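A.B. asks: I'd like to ask some things about the structure below.
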Number of protein chains: 2
Amino acid sequence: MRRTRLADRDCSIAKSVDAVGDPWTLLVVRDALLGVSRFEDFQRRLGTPRATLSSRLSQLVEIDVLTKDDEGGYHLTDKGRALRPVIVTMMQWGDRWVRDDEPPTRLVEEGTGRSIRPILVDEETRVPLDELRIRAEGAVTDGLPHRTGADEPAL
Amino acid sequence: MRRTRLADRDCSIAKSVDAVGDPWTLLVVRDALLGVSRFEDFQRRLGTPRATLSSRLSQLVEIDVLTKDDEGGYHLTDKGRALRPVIVTMMQWGDRWVRDDEPPTRLVEEGTGRSIRPILVDEETRVPLDELRIRAEGAVTDGLPHRTGADEPAL
């Protein structure tokens, strides 16, 4: 019931978290990006209870994030691979703000071995979002309380 | 119990989804980015059951994503504001893959009114991640099954 109410909202974030805003779901997508495809491999790596994992995999097939092949392997669809930025930004936030030791995962470019540090920029100008003052326009801002001293960027 | 097990894993994504991988939590952070600070405003906008909202706000204060001021208003900390890329990438995914009508939220630059389209790039070269072949290195890749025909980027 809660999840239905979320998806009904006129907000893409609500729809996204409704689809993938479940801890196990995001970890399944992460492992699928890393090349895991078999139930037993997901289960061994994540330690997810089997019934929970089975349910999450079925949901992800149902919403077209994963497809299931004839041998029972799970593979990301285009819609699923498009979740990479969500996974990458979550990893970065966890590295910076949740861990207190060194990040255990490095992203490196194949071939050169160069370290990659992903940041969000405006596509056209390539200016980092952190250096822009950006506001959201649309239904999600309806009925927002009046901002006082809005020195910080709004979304 | 499930959440504790996730946080214990040696993976920043697991730690992040453990902290904020709950639908209501992410929507609270979205609204806080948009300038919402009062309990009644969160409640009215999100329709969250009051007990659930109260619990999520307390959790977010406890993990230092929000602070509570003397008047009972909630404000993002630096750790909380650092979640903006996660919220933005989720919004984009929802816009592209979950909605079938026009996205209801536009991001525009204050002052110029120019539309902003955020993309992830490598900070040093500003090359979009989608154009790079990237692999993950670290504990999260331990015990990964052998990749066959790995033409697609790994994370």
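No value in this document is a laboratory result; all are computed from the given coordinates. Bear in mind the structure is a predicted one, so any value in this text is a computation, not a measurement. Every residue, glycine as well, gets a Cβ built from its backbone with ideal geometry; the counts of neighbours run over all protein chains shown.
A.B. asks: May I ask for the distance between the Cα centers of segment B:67-93 and segment A:61-86, given as a whole number of Å?
C.D. replies: Each part reduced to its Cα centre gives a spacing of 29 Å.
A.B. asks: Continuing with this model, one more query. Can you find, among B:M91, B:T48, B:L33, the residue sitting farthest towards the positive end of the charge dipole of segment B:24-96, where Lys and Arg contribute +1 and Asp and Glu -1 at Cβ?
C.D. replies: B:M91
A.B. asks: On average, how many beta carbons from a partner chain sit within 10 Å of the beta carbon of a residue in B:71-79? Mind dumping the intermediate values first?
C.D. replies: Details: counts 0, 0, 1, 0, 1, 1, 1, 2, 4.
Average neighbour count from other chains, rounded to a whole number: 1.
A.B. asks: Going 7 Å from Cα along the Cα-Cβ axis for the label, what nanometre distances separate B:Q43 from the same residue across the other copies?
C.D. replies: 4.5
A.B. asks: Label-to-label distances across copies for B:G113, with labels 7 Å out along Cα→Cβ, in nm, shortest first?
C.D. replies: Shortest to longest, the spacings are 5.3 nm.
A.B. asks: Then there is this: Compute the label-point distances linking B:D78 to its equivalents in the other copies; points lie 7 Å from Cα along Cα→Cβ; give nm, one decimal, shortest first.
C.D. replies: Label-point separations across copies, in nm and ascending: 4.2.
A.B. asks: Let me ask another. Cα-Cα over 24 Å: which of A:K79/B:K79; A:K15/B:K68; B:K15/B:K79?
C.D. replies: Numbers: A:K79/B:K79 29 Å; A:K15/B:K68 28 Å; B:K15/B:K79 14 Å.
The answer is A:K79/B:K79; A:K15/B:K68.
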